[in-house]
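Novice: The structure's right below; bear with me while I get my questions together.
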Amino acid sequence: MSFRTIEWRDDKVVMIDQTRLPGEEVYCEYADYKSVAEAIRGMVIRGAPAIGVAAAMGVALGAREIIADTYESFFRQMENVCEVMARTRPTAVNLFWAIERMKRVASEHHDRPLDELREILKAEAIRIEQEDLELCKAIGRHGSALIPEGATVLTHCNAGGLATAGYGTALGVIRAAHEAGKKIQVFADETRPWLQGARLTAWELMKDGIPVTLISDNMAGFFMKRGEITCCVVGADRIAANGDTANKIGTYSVAVLARENNIPFYVAAPTTTLDLSLENGDQIPIEERHSREVTHLNGFPVAPEGIRVRNPAFDVTPARYISAIITEQGVVSGDYATGLRGLVAP
């Protein structure tokens, strides 16, 4: 990749500031866990897998800040660190998965000296980053087979290298197809209100030399009806046991349009995005964000002052609209309840 989304460097967490793309490619350093939590909350880093990596690194930073003489005191303070991280973004299940993994590693090594335990947690956070990159490449390999030669692929939001430790989920599928020599092109929804498609997906694909066309969100149906879209590939923030999938707001609309026009609609996500504790998508918590994200654009008002606003950050696509779910373990379709559990069975 020609950029790094997040990395641990010199005992600091370094992230590309996604709020400043595409105008500036700026990397910010974070030396404490509270600033990492604020970076997650403020969308400096976003995308479920990348949020998971950031949370793990935030916990590792927090562990280095803890002053304690006993493991019991250390773990009590680490619980506070984890609670701060957990309150940042409620929908992305990778956040909670990463926090629980860090807590489990700390518990498994409770007999180690505290300085050694801090190093173990740092190593685990870096391992989570490296694993995520490999997961994304595996997703790409499995998904590439679903992309026909000459396809025009529509994607929504940004499920690329910027949303992961690198390579991407939905864009990982697209990248793998491109690397396999398939002559494909991409239509990127702009993705209001944060414009992740316009600012991030378009930026990534142009840097990689993959042909991309930007459209506003309300144009997708027009191009589908004209036969200009071959398939859709999107990412996910949480997938329930029955296959219902939470992703960036507007994804559900794309899925309904795809079904109406007989276009395959694929979800690409690592198994860390599965939440098999939830029976269906109605149980997925949906984050609502500040009204200013809708009423303002680049700091300028685009709506009357005082207007009532609703701003859900995600919607849920029912499994019946999803042609297949692409993971690092393989592709699942049809009976998602059985297929998804089979992916993570011991």
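Novice: In nanometres, what is the gap between the two model label sites at E79 and F3, each 7 Å from Cα along Cα-to-Cβ?
Specialist: Label at E79, label at F3, 4.0 nm between them.
Novice: Taking every pair of Cα atoms in the range 8-63, average 1/r, invert it to obtain the Kirkwood radius, and report Rg/Rh to two decimals.
Specialist: Result: Rg/Rh = 0.95.
Novice: Then there is this: Can you tell me the 0 to 90 degree angle between the C-alpha axis of helix 114-144 and the longest principal axis of the chain, rounded to 10?
Specialist: Helix 114-144 sits at roughly 10 degrees to that axis.
Novice: Separate question: Work out the FRET efficiency for E228 and D11 from their Cβ-Cβ distance, taking R0 = 45 Å, and round it to the nearest 0.05.
Specialist: Here the calculated transfer efficiency is 0.35.
Novice: Please list, in order along the range 78-91, the HN-Hα scalar couplings obtained from phi with the Karplus expression 6.51 cos²θ - 1.76 cosθ + 1.60 (θ = phi - 60°), rounded to whole Hz, x for Gly and Pro.
Specialist: For the range 78-91, the Karplus curve yields 5, 4, 5, 4, 5, 5, 4, 5, 5, 7, 6, 9, x, 8 Hz.
Novice: Hey, can you grab everything whose amide H is under 5 Å from the amide H of C231? Only 5+ residues off in sequence or another chain; H modelled, so Pro and N-termini drop out.
Specialist: For C231, the qualifying residues are T152, L154.
Novice: Greater than 21 Å separation of Cα atoms is the criterion. Which listed pairs, K12/K122; K137/K182; K137/K225, meet it?
Specialist: Pairs exceeding the cut-off: K137/K225.
Novice: Would you please put 55-63, 156-164, 32-40, 280-288 in order of how densely packed they are, using the mean number of other Cβ atoms within 10 angstrom per residue and starting with the highest? Can you show the working numbers first?
Specialist: On the way: 55-63: 28.0, 156-164: 30.0, 32-40: 20.8, 280-288: 15.3.
Peptide ranking by packing, descending: 156-164, 55-63, 32-40, 280-288.
Novice: To continue, here is another question. Taking R0 as 51 Å, what FRET efficiency do you get between N311 and D111 from their Cβ-Cβ distance, rounded to the nearest 0.05?
Specialist: Efficiency computed from Cβ-Cβ geometry: 0.60.
Novice: Cα atoms only: what Rg and Dmax, in Å, come out for the range 141-343?
Specialist: Gyration radius and largest Cα-Cα distance of the range 141-343: 16.5, 52 Å.
Novice: Using a Gaussian network model on the chain with a 10 Å cutoff between Cα atoms, which of Q18, Q130, Q196 fluctuates the most?
Specialist: Q130
Novice: What fraction of the DSSP beta bridges in the chain is antiparallel, stated in percent and rounded to the nearest 5?
Specialist: 55 percent
Novice: For T169, list long-range residues whose amide hydrogen, built 1.01 Å from N in the peptide plane, is under 5 Å from its own amide hydrogen.
Specialist: When sequence neighbours closer than 5 places are left aside, the close amide H contacts are G160.
Novice: Let me check against my output: what whole-number percent is the relative contact order of the chain, with C-alpha pairs under 8 Å and at least 6 apart? Working shown, then result.
Specialist: On the way: 719 pairs, mean separation 54.5, N = 346.
Rounded, it is 16 percent for the chain.
Novice: Moving to a separate point now. Could you compute the FRET efficiency for D69 and N280, with r as their C-beta to C-beta distance and R0 at 51 Å, rounded to 0.05?
Specialist: The pair D69/N280 has a calculated efficiency of 0.60.
Novice: Give me the compactness ratio for the range 218-303, meaning the Cα radius of gyration over 2.2 N^0.38 Å.
Specialist: On the way: Rg = 15.7 Å, N = 86, 2.2 N^0.38 = 12.0 Å.
For the range 218-303, the normalised Cα radius of gyration is 1.31.
Novice: Short version: ³J(HN,Hα) in whole Hz for each residue of the range 176-184, in order, from phi by Karplus 6.51 cos²θ - 1.76 cosθ + 1.60 (θ = phi - 60°), x for Gly and Pro, what are they?
Specialist: Those phi angles translate into 4, 5, 5, 5, 6, x, 6, 8, 10 Hz.
Novice: Further question on the same structure: Working only with C-alpha atoms, what are the Rg and Dmax values of the range 6-136, expressed in angstrom?
Specialist: Computed over the Cα atoms of the range 6-136, radius of gyration and Dmax are 14.1, 49 Å.
Novice: Give me a comma-separated list of calculated 3J(HN,Hα) values for the range 39-45, in order, Karplus coefficients 6.51, -1.76, 1.60 applied at θ = phi - 60°, integers in Hz, x for any Gly or Pro.
Specialist: So the Karplus estimates, Gly and Pro as x, are 5, 5, 4, x, 6, 4, 10 Hz.
Novice: Okay, moving on. Counting only protein heavy atoms, what percent of the accessible surface of the chain is carbon or sulfur at a 1.4 Å probe?
Specialist: Carbon and sulfur: 50 percent of the exposed surface of the chain.
Novice: With a point put 7 Å past each Cα toward its Cβ, work out how far N298 is from T19 in nm, to one decimal.
Specialist: Here the modelled spin labels are 1.7 nm apart.
Novice: Here is a follow-up. Ratio of the range 101-156's C-alpha Rg to 2.2 N^0.38 Å, to two decimals?
Specialist: So the Cα radius of gyration is 1.85 times the expected 2.2 N^0.38 Å.
Novice: Given the convex hull over the Cα atoms of the chain, what projected area results after averaging over all orientations, in nm²?
Specialist: Projected area, direction-averaged: 17.7 nm².
The values are calculated or read from the model by the stated rules, or taken from the named source; none is laboratory data. Everything quoted here is computed from the prediction, not taken from an experiment. Cβ coordinates were reconstructed from backbone atoms using ideal geometry, including for glycine residues, and neighbour counts include every protein chain displayed. Surface accessibility is based on the protein's heavy atoms, side chains included, excluding ligands, DNA and RNA. Shrake-Rupley method; radii C 1.70, N 1.55, O 1.52, S 1.80 Å.
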